[in-house]
Amino acid sequence: MTRTILIAGPTASGKSALALALGERLNGAVINADSMQVYAELNILTARPSAADLARAPHRLFGHVPAAEAYSVGRWLADVARELAAARELSRVPIIVGGTGLYLYALLHGLTPVPDIALPVRTHWRAEAERLGPEALHAVLAARDPVMAGRLRPSDPQRVTRALEVLDGSGRSLADWARETGVPLLGEASVVRAVLMPEREDLYARCDRRFDLMLAAGALAEVEALLALSLVTEKPAMRALGVRPLVAHLRGELTLAAAAAQAKAETRHYAKRQTTWIRGRMADWPRVEAGDVEAVVRMVGLS
């Protein structure tokens, strides 16, 4: 059986272009592993594949979720399992590409088996998140579960809320559950791994250039349409890179130049965090250069 190709790397590193080229070369299906590219309303700001890209190779799990929903790694694993089966049935090489390290880690190592949390518990903590705000919510977690609070940022209310839900719903800290793992979807022998790691200055310059292109392509109108949905700010789609600064501009709080500068800074910071995560969790993944299709083809053994 043809092995599955996994392509990782920080944002703006050239992952998507490499995956597309491999899809054409190997009769592949490009499958998304980016937690923001799943949202239908976020096309430009998440750098989803263009119509021209979609015409060159099949793409799956891009833009298939409404922004009003909160997508999860568990749901992605279920979705990607179906797409892997579909690709193999059509004799296509599955090419999974994305910068969400948790998705790729869960794919190879299994997902923490947290039990279902009762709806009243989930409803309570989501209401509390709205009422308290991120900082106060994190303080509640710090008082009740300092271990998990130390692992989560106040600026990530979705995960803080989840930690409180699990604590109340299961009687155990999410840190305890994290020590247990489920069954991985793919074994190490069944995959070819590759990671793109451009030099820092080059990566940051790529991030800046790409945001300028996003603005030129209509990112501001995309955010305006997202705002019209009246979503709560804690929805994952509302935390996509560039959304908050452009929302501030649309509300008259920032000039467009200041919003762009803030968005670029946030993107560079995110790229830095991704790079740190990759170095810690993907140290054994072979490094490839952006656009080096032949290197990956050789690893697959189909050259």
Query - Extended-chain gain in nm, criterion 0.36 nm per residue less alpha-carbon gap, VAL232 and ASP292 - result: 17.4 nm
Query raised in the report: For the pair ARG131 and ALA189, how long in nm is the line joining their label points, each one 7 Å along Cα→Cβ?
Result: 5.5 nm
Report summary line: Rounded to two decimals, the Debye log10 I(q)/I(0) of the range 119-177 (Cα scatterers, no solvent) at q = 0.17, 0.18 Å⁻¹ is -0.44, -0.50
Query raised in the report: How big is the charge dipole of the range 119-177 about its Cα centre, in debye rounded to the nearest 20, if each Lys and Arg gets +1 on its Cβ and each Asp and Glu gets -1 on its Cβ?
Result: 100 debye
Query raised in the report: So which GluC sites (Glu not before Pro) in the range 39-101 pass both tests, a DSSP loop state and at most 16 other Cβ atoms within 10 Å of the Cβ?
Result: GLU69
Requested in this report: Could you calculate the contour length gain from ALA81 to LEU256, that is, 0.36 nm times the residue separation minus the distance between their Cα atoms, to one decimal place in nm?
Outcome: 58.8 nm
Query - Helical contribution to [θ] at 222 nm, DSSP H n ≥ 4, -39,500 (n - 2.57), averaged over the chain, rounded to 500 - result: -16500 deg cm²/dmol
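Laboratory data are not the source of any read-out in this text; all were calculated from the coordinates shown. Note that the coordinates shown come from a computational prediction; the quantities given were computed from them, not determined experimentally. Ideal geometry is used to build each Cβ from the backbone, glycine not excepted, and the neighbour counts take in all protein chains shown.
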